[in-house]
Amino acid sequence: MPLLLLVAGSAAIAAAGRRVPVPAPLLLVAAGLAVSYLPGVPDYTLDPHIVLPLLLPPLLHTAATDSSYLDLRAQARPVALLSVGYVLFATFVVGCAAYVIVPGLPLTAALVLGAVVAPPDAVAATAVARRVGLPSRITTILQGESLVNDATAITAFKVALAAAVGEGATWAGGIGEFLIAAVGGVGVGLVLMVPLHWLRTHLKEALLQNALSLLIPFVAYAVAEQVHASGVLAVVVVALYLGHRAWEVDFATRLQEEAVWKMVAFVLESAVFALIGLQLPVVLKGLGDYEGIDAAWYALAVFLVVAVARFVWVYPATYLPRLSARVRAREGDLSWKGPFVIGWAGMRGVVSLAIAFSIPLTVHGGEPFPERNLVLFLTFTTVIGTLVVQGVSLPPLIRLLKFPAHDVQAETLAEANAQAQASRAAERRLDELLADDRNALPTPLADRLRTVLERRRNAVWERLGQVNPVTGETVDDTYRRLSREMISAEREVFVRLRDGRYIDDEMLRTLLRRLDLEEAAAYRETT
């Protein structure tokens, strides 16, 4: 029952968040904080054995399939510098700062804290990027960073943890472990992606294909972890390949898959942010000697170090490579605004908390892990601080910076040109088919095929034309609206016939499915 209430409540709050100016992730965190102190609410402890293998793979999968492999490849350098270089830099800087700031905190435990809070969260980054409409290059960099940085942070955490519990980890051993995990994760992804895609394209039932789609991220993660490689990288590699080749899957699968994964991502993202807020009572329990002003000062100091360290890394990592004339020629002029937004968009999330909760209670000698509860507290306050301060301020900051708006005219022109080339190819193919006696069609049906093709070709060009002076709609918008009205009228008749027992429910579903496909083809989603 608590789990059902968590999912239902977080989904309801996330839905309400779409109708108010406050970002939904912040509403969910605030609601979780408030609900955590209501009488009768149980403690929701983040179990890393659940969060990492069960929540992280599907969230990474849906983020990666929505990303562009080609765009990520074009931005490989900044993505790598952020997802690997920045995470290692933040681990070291935050760890050393915490060691200096907090009396009695061992350096090994401080480095564990640094690794825990180093990676910006994939869910937070993509949620904000979608909402504020960042320029495509910045969005690609943030998404690419969030897809890979968890693997770097988890590996850095394992190395720091081994040193903290007395396993005698060395820098050379840590680098070796990182390389093994990274190369192994990518290797597992490369091995799995082709057979999984082959299986998807050879299954004939859309339901079976979507069932496989839901299993794929968990399979990739589990296989990689089984061979001590990075499950995160395995999931990302497989998902990028499947997203890049999604056009090879039949239309029914794509329609269902889009709806299924949108629902999964919505539910999981909502529950994840609510879980962050619900952790407060768990984190505060056993905080012990670190209370009041001291705890607040440590939390503020670590948050400031995390925020400042990102800027310290982002600007040199952005501009130093541009000392090369080749880089400048390829990337063109670069404003200071883009690096500033990337530096400010460093929200942390549930992955940091899940990693923190995986810290063992004791070290090898049996003694308690040094200041474990303080590490949990500082992780929690850093996550909340970045979500509140950076998450709330990022949308108005982007509006204040006034990034160039998307060139709608140019985008529509590119779409129209692409559609024109595709329509010419389809028309040639139709002529070839109709020339064969085996494909003979009555003239009205052949003309109907040509009419549909012409309609698709002209629809995009019409968006470049004049608008209706009364409604402000383009001809294409009016066509789509009228088409939907006609389909709605047909749908009402079908339902009335079913209610009058002239047709049965099975026939109604068949007729409605046909109308749904026609409406999907006639109406272009604008949100």
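The values are calculated or read from the model by the stated rules, or taken from the named source; none is laboratory data. The structure presented is a predicted model; accordingly, all values stated were derived computationally and were not measured. Heads up, the Cβs are rebuilt from the backbone with ideal geometry, glycines too, and the neighbour counts pull from every protein chain shown. Side chains are part of the model used for accessible areas, which takes the heavy atoms of the whole protein and leaves out ligands, DNA and RNA. Shrake-Rupley method; radii C 1.70, N 1.55, O 1.52, S 1.80 Å.
Note on region 467-508: among residues that are farther than 18 Å from Ala521 by Cβ, within 38 Å of the chain's Cα centre (by Cα) and aliphatic (A, V, I, L, M), the one that is most open to solvent (accessible area, probe 1.4 Å) is Val467.
Being within 26 Å of Val392 (Cβ to Cβ) and either in a helix (DSSP H, G or I) or at pLDDT 70 or above (or both) is the requirement here; does Glu145 meet it? Considered against the rule, which asks whether it is within 26 Å of Val392 (Cβ to Cβ) and either in a helix (DSSP H, G or I) or at pLDDT 70 or above (or both), Glu145 comes out as yes. As an exercise: evaluate Val223 against (1) open to solvent by 10 Å² or more (accessible area, probe 1.4 Å); (2) within 17 Å of Val148 (Cβ to Cβ) and give the number of the one condition it does not meet. Every listed condition holds for Val223 apart from (2).
Select from region 54-63 the residues that are open to solvent by less than 40 Å² (accessible area, probe 1.4 Å) and in contact with a Phe, Trp or Tyr (Cβ under 9 Å, 6 or more places away or on another chain) and write down the one among them that is nearest to Phe273 (Cα to Cα). Even if it seems obvious, please write down each step before you answer.
First, the residues of region 54-63 that are open to solvent by less than 40 Å² (accessible area, probe 1.4 Å): 55-63.
Now narrow it down to the ones that are in contact with a Phe, Trp or Tyr (Cβ under 9 Å, 6 or more places away or on another chain): 56-58, 60-62.
Working: Leu56: 13, Pro57: 16, Pro58: 15, Leu60: 15, His61: 18, Thr62: 17 Å.
Among them, the one singled out is Leu56.
Among all positions in region 150-169, there is no residue which is modelled with pLDDT of 85 or more and not in a helix (DSSP H, G or I).
Take the residues of region 440-466 that are among the aliphatic types (A, V, I, L, M) and open to solvent by less than 60 Å² (accessible area, probe 1.4 Å): which is modelled with the lowest pLDDT? I'd like the intermediate steps shown before the answer.
Here is the first cut: in region 440-466, the residues among the aliphatic types (A, V, I, L, M) are 440-441, 445-446, 449, 452-453, 459-460, 464.
From what is left, the residues that are open to solvent by less than 60 Å² (accessible area, probe 1.4 Å) are 446, 453, 459-460, 464.
Numbers: Ala446: 83, Leu453: 78, Ala459: 69, Val460: 68, Leu464: 63.
By that ranking, first place goes to Leu464.
Scanning region 309-340 for residues being of a type outside the set (Gly, Ala, Ser) and within 30 Å of Thr382 (Cα to Cα) gives a total of 14.
Each residue in region 255-307 was checked for being open to solvent by less than 30 Å² (accessible area, probe 1.4 Å), of a type outside the set (A, V, I, L, M, F, W, C) and either modelled with pLDDT of 90 or more or at positive phi (or both), and 1 of them qualify. Considering Asp66, Asp47, Asp43, the condition of being at pLDDT below 90, over 28 Å from Pro370 (Cα atoms) and open to solvent by 30 Å² or more (accessible area, probe 1.4 Å) is satisfied by Asp66 alone. Arg310 meets all of the listed conditions (1) under 28 Å from Asp71 (Cβ atoms); (2) of a type outside the set (Val, Ile, Thr); (3) surrounded by fewer than 19 Cβ atoms within 10 Å (Cβ to Cβ) but one, namely (3).
Does Ala11 qualify as being touching a helix residue (DSSP H, G or I) at 6+ places or on another chain (Cβ under 8 Å), over 24 Å from Ile342 (Cα atoms) and either open to solvent by 50 Å² or more (accessible area, probe 1.4 Å) or among the small types (Gly, Ala, Ser) (or both)? Lay out the reasoning, then the answer.
Details: touching a helix residue (DSSP H, G or I) at 6+ places or on another chain (Cβ under 8 Å): yes; over 24 Å from Ile342 (Cα atoms): yes; either open to solvent by 50 Å² or more (accessible area, probe 1.4 Å) or among the small types (Gly, Ala, Ser) (or both): yes.
Answer is yes for this residue.
Which residues, taken from region 414-430, are under 15 Å from Arg450 (Cβ atoms), open to solvent by 70 Å² or more (accessible area, probe 1.4 Å) and either modelled with pLDDT under 85 or touching a helix residue (DSSP H, G or I) at 6+ places or on another chain (Cβ under 7 Å) (or both)? Scanning region 414-430 gives a single hit, Arg424. Every test in (1) touching a residue at least 24 places away in the same chain (Cβ under 8 Å); (2) open to solvent by 10 Å² or more (accessible area, probe 1.4 Å) is passed by Gly366 save one, and that test is (1).
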